[in-house]
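These notes concern the structure reproduced below.
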Amino acid sequence: MTPPIAHSRLEIRAPGSGPPTRAAGRLALPQVRSVAAYKIMATIDEELGQIERDIRTLKIEFEQYFGGGRSRPPTDTQWRLETNLKRYGDRSGELSSGQRFRYSNLASTYAKYQDMWRKKLIQKESGTTQHHYGAAAKAIEGERQRKAAEDAMRTRIAAEAAVKAAGRSSKKVGAYLAARKKKKKL
């Protein structure tokens with residue numbers, strides 16, 4: 001059983017260091033908050049750090065899924081991360097400029113990974129795989145294609161020469177037969 005929260009320890013916060021107050025245009029009173037309640041709530045920087053860790057975790061889980069180590073895509077981690085990102089997208093007025101910059105970097109990183117994962121999922125579901133060749137493999141493949149093109153050219157030239165030779169010989173045979181017929185008639 002957890003001990004009750006001691007309400008005797010209070011913390012006085014300066015104006016502007018907590019969430020925005022409704023006292024616009026007039027002097028806001030300091031906010032009073034218990035230390036125990038403050039320790040339970042995570043700060044914005046801690047939650048942005050958690051978003052960053054979730055992005056790394058999600059990246060690893062997707063790599064495991066695409067590598068065959070997981071049977072299903074990590075949709076639960078993805079859903080949790082998207083929820084946190086949307087929550088901070090809606091609360092951008094409460095963030096400092098540094099926090100907004102960090103949030104926008106995290107959001108763009110996640111968007112980049114999400115697009116990459118979407119494309120890989122489409123490839124996996126359709127059954128197509130993309131082969132990536134290194135520089136040496138590309139050179140070997142290029143050499144094979146060049147040799148195949150040269151062999152095809154030699155074969156075509158030889159076939160054309162055979163057709164020409166056959167045409168000449170058929171002309172000679174035709175001329176010979178015509179000459180024989182003439183001799184027989186004479």
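Details
- Residue selected from segment 83-94 under the condition within 15 Å of Gln50 (Cβ to Cβ) and in contact with a helix residue (DSSP H, G or I) (Cβ under 8 Å, 6 or more places away or on another chain), by the criterion surrounded by the most Cβ atoms within 10 Å (Cβ to Cβ): Tyr88
- Helices (runs of 4 or more DSSP H) fully within segment 71-186 counting 2 or more residues that are hydrophobic (A, V, I, L, M, F, W, C) and under 30 Å from Glu46 (Cα atoms): 75-90, 97-126
- Within segment 59-85, restricting attention to residues that are among the aromatic types (Phe, Trp, Tyr) and free of Cβ contacts under 8 Å to residues at least 40 places away in the same chain, the residue that is nearest to Ala107 (Cα to Cα) is Trp79.
- Enumeration of residues in segment 100-126 that are polar (S, T, N, Q) and at pLDDT 90 or above: Ser104, Asn105, Ser108, Thr109, Gln114
The values are calculated or read from the model by the stated rules, or taken from the named source; none is laboratory data. Since the structure is predicted, the reported quantities are computational estimates derived from the model, not experimental observations. Don't worry about glycine lacking a Cβ; one is built from the backbone with ideal geometry, like all the others, and counts go over all protein chains shown.
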